[in-house]
Amino acid sequence: LCVFLPSPAVTSPCKILKCNSEFWAATSGSHHLGAEEAPEFCTALRAYAHCTRRTARTCRGDLAYHSAVHGIDDLMVQHNCSKDGPTSQPRLRTLPPGDSQERSDSPEICHYEKSFHKHSATPNYTHCGLFGDPHLRTFTDTFQTCKVQGAWPLIDNNYLNVQVTNTPVLPGSSATATSKLTIIFKSFQECVDQKVYQAEMDELPAAFADGSKNGGDKHGANSLKITEKVSGQHIEIQAKYIGTTIVVRQVGRYLTFAVRMPEEVVNAVEDRDSQGLYLCLRGCPLNQQIDFQTIRSAQATEGRARRKGPSLPAPPEAFTYETATAKCREKLPVEDLYFQSCVFDLLTTGDVNFMLAAYYAFEDVKMLHSNKDKLHLYERTRELAPGNTAPTGTHPTLWVALLCLSWLCLL
């Protein structure tokens, strides 16, 4: 069994060590398996084989990976295990007398912090949100305003898929908002069955598509639950098995989305380099982004004057820059990007519900973001080409002082 022991030479993109440790934990203490234990061992072995197949792309040149694959084949033959059969992670073996931590109705693997990080520090959590016309805050705290009309993937990883559909707010307008949301929780070991949640304009269910409110019939079903906070307006989904909280709201006619997710889950994709677009992680494509700050500045300069040339269809209620600013300040006193998004949306749509969407989006950030120093964002983050970034934390005057000092040294 030495082939299953971790090797420090394995690089981080290859997740074979995680497969090894899961199998080792499931079978530890079983040096001499009896006939009655063989089915459980075979189940663990099939789960191990499944895990190695999932990491095959990133582990192609890894010796530990190839050793594990050959070791699995040998053990399958030795214990007469079929390659077809259940692959659910078996519950931990009976604990010594006096230890009552294990509960058969709540497997440890269905609690993210207990299973994924049993022997390490508290995981790092991150946040993504989508609201309004629509405005996107990515997992890296980049803030963008996008067109993205039609269906777009918001999240797409090994555990979760989220897709949004954005439709024009007014006929002929480039302003869009989220009219439909689909969330797919993928089947996960002994915790949850696959579950689908769908919401549309004027329909915010408090249950999954099959009518259930939890993860199904598996042992850890309650590690996935839907809670209705405000009927028809606000639901919350807790997915404890992946340490994830999702908030969906209907504000006016449109939907908002916010999520809190561990970085490990965010980045759990089969092949990140060849993966398609994933808005919460990669942001909107450049050709779909709107520089609303430039538009806002132009509107502020023009004041109450009407815009010349081609214009959007007249909104239901006409806002000037001054009245939109005053209205947004009622709910958003700090003039950050949420405030600026509110002003932009009122000028673009004339719908006061977009002010509430910005307000609730910021309330969700306060609840879900783990870094309270990053709640407010004041300028749009732009990606710089490699080599265009200065070292973080270095004040410009320090660079001037260092430059002067270097000249003195040369004299």
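The values are calculated or read from the model by the stated rules, or taken from the named source; none is laboratory data. Quantities reported herein were computed from a predicted structural model and do not represent experimental measurements. When we count neighbours, we look across all protein chains shown, and the Cβ atoms used for this are built from the backbone with ideal geometry, even at glycine. Remember, those area values only see protein heavy atoms, side chains included, never the ligands or the DNA or RNA. Shrake-Rupley method; radii C 1.70, N 1.55, O 1.52, S 1.80 Å.
So if each residue of separation counts as 0.36 nm, and I subtract the Cα-Cα distance between R57 and E203, what length gain in nm does that give?
On the way: separation 146, 0.36 × 146 = 52.56 nm, distance 4.06 nm.
Full extension of this stretch gives 48.5 nm more.
Once neighbouring chains are kept in place and the probe is 1.4 Å, which whole percent of the accessible area of the stretch 108-284 is contributed by carbon and sulfur? Present the calculation step by step, with values, prior to reporting the outcome.
Values: 2880 of 6740 Å².
About 43 percent, which is the carbon plus sulfur part of the accessible surface.
May I ask you to derive the FRET efficiency for H66 and T140 from their Cβ-Cβ distance with R0 = 45 Å, giving the value to the nearest 0.05? List each step's numbers first, then the result.
Working: r = 35 Å, r/R0 = 0.77.
According to the calculation, E is roughly 0.85.
Between L377 and V196, what FRET efficiency comes out of the Förster formula 1/(1 + (r/R0)^6) with R0 = 22 Å and r the beta carbon distance, rounded to 0.05?
Numbers: r = 32 Å, r/R0 = 1.47.
E(calc), rounded to 0.05, equals 0.10.
With the Cα gyration tensor of the stretch 108-284 giving a ≥ b ≥ c as the square roots of its eigenvalues, does the rule (a/c under 1.5 for rounded; else a/b larger than b/c for prolate; else oblate) give rounded, prolate or oblate? Could you put the intermediate results ahead of the total?
Details: a/c = 2.07, a/b = 1.36, b/c = 1.52.
It is oblate, given that a/c is not under 1.5 and a/b is not larger than b/c.
Taking a spot 7 Å from the Cα of R253 along the direction of its beta carbon, which residues of the stretch 171-191 have an amide N less than 13 Å from it?
Correct set: 171-173, 175-180.
Calculate the spin-label point distance for E270 paired with E363, positioning each point 7 Å from the Cα along the beta-carbon direction, and give it in nanometres.
Rounded to a tenth, the inter-label distance reads 4.0 nm.
For A326 and V230, calculate 0.36 nm times their separation in residues minus their Cα-Cα distance, and state this gained length in nm to one decimal. All intermediate terms of the calculation are to be shown ahead of the outcome.
Values: separation 96, 0.36 × 96 = 34.56 nm, distance 2.79 nm.
Working it through step by step, the gained length comes to 31.8 nm.
Give a residue-ordered list of calculated ³J(HN,Hα) values for the stretch 222-227 (Karplus: 6.51 cos²θ - 1.76 cosθ + 1.60, θ = phi - 60°; whole Hz; x for Gly, Pro).
With coefficients 6.51, -1.76 and 1.60, one gets 6, 7, 10, 9, 9, 10 Hz.
In nanometres, what is the gap between the two model label sites at E113 and Q149, each 7 Å from Cα along Cα-to-Cβ?
Between E113 and Q149, the label points sit 4.5 nm apart.
With the crude spin-label approximation of a point 7 Å out along Cα→Cβ, what separation in nm comes out for E335 versus Q289?
Inter-label distance under the simple model: 2.4 nm.
For the pairs K195/K225; K213/K240; K225/K374, flag any whose C-alpha to C-alpha distance is greater than 20 Å. Walk me through the intermediate numbers first.
On the way: K195/K225 11 Å; K213/K240 14 Å; K225/K374 28 Å.
Long pairs (Cα-Cα over 20 Å): K225/K374.
Report the net charge of residues surrounding T52, where surrounding means a beta-carbon distance below 14 angstrom and charges are Lys +1, Arg +1, Asp -1, Glu -1.
Values: positive: K15, K18, R46, R53, R54, R57, R60, K83; negative: E22, D62, D73, D74, E270.
Overall, the nearby charge balance is +3.
Can you tally the net charge around L204? Count Lys and Arg as +1, Asp and Glu as -1, for every other residue whose Cβ sits under 9 Å from the Cβ of L204. Mind dumping the intermediate values first?
Numbers: positive: R249; negative: E200, D202, E203, E228.
Within the 9 Å Cβ shell, the charges total -3.
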